[in-house]
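First comes the structure, then the notes that go with it.
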Amino acid sequence: MTSLIIRKLENENLQSLRVRAAEHQVSMEEEALRILREALAPQIRIGDLALEYFGQEYGVDLVLPKRTPHQPLSFKECSLS
């Protein structure tokens, strides 16, 4: 397994990690690994969740439309006047 060294970690983040690890009763290394695993885990989509609970094996045949990713809205060009 590979190691990772994080340089220039802010003191506030290090302290927060120390507190969070203590709250979960694990080492700081284990807590950092848990945070990375959670952050990098694939996100489940609502359609996939629906298929998991209501799919063909449950007698329901759901046909989900194909969707393409869209650009998030930008409010930079909006004026409030």
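Each value in this text was obtained by applying a stated rule to the coordinates, not by laboratory testing. All values derive from a computational prediction rather than experimental measurement. With ideal geometry, Cβ positions are generated from the backbone for all residues, glycine too; neighbour counts draw on all protein chains shown.
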Interatomic Cα distance distribution for the range 30-75, bins of 5 angstrom, percent: 5, 15, 14, 14, 14, 15, 13, 7, 2
Sequence of Asp48, Asp61 once ranked by neighbouring C-beta atoms within 10 Å, starting from the fewest: Asp61, Asp48
Which label in (i) 26, 23, 17; (ii) 64, 24, 18; (iii) 52, 50, 26 gives the computed Cα extents along the principal axes in Å: (iii)
Surrounding net charge for Glu12, when Lys and Arg each add one and Asp and Glu each subtract one, Cβ distance under 14 Å: +2
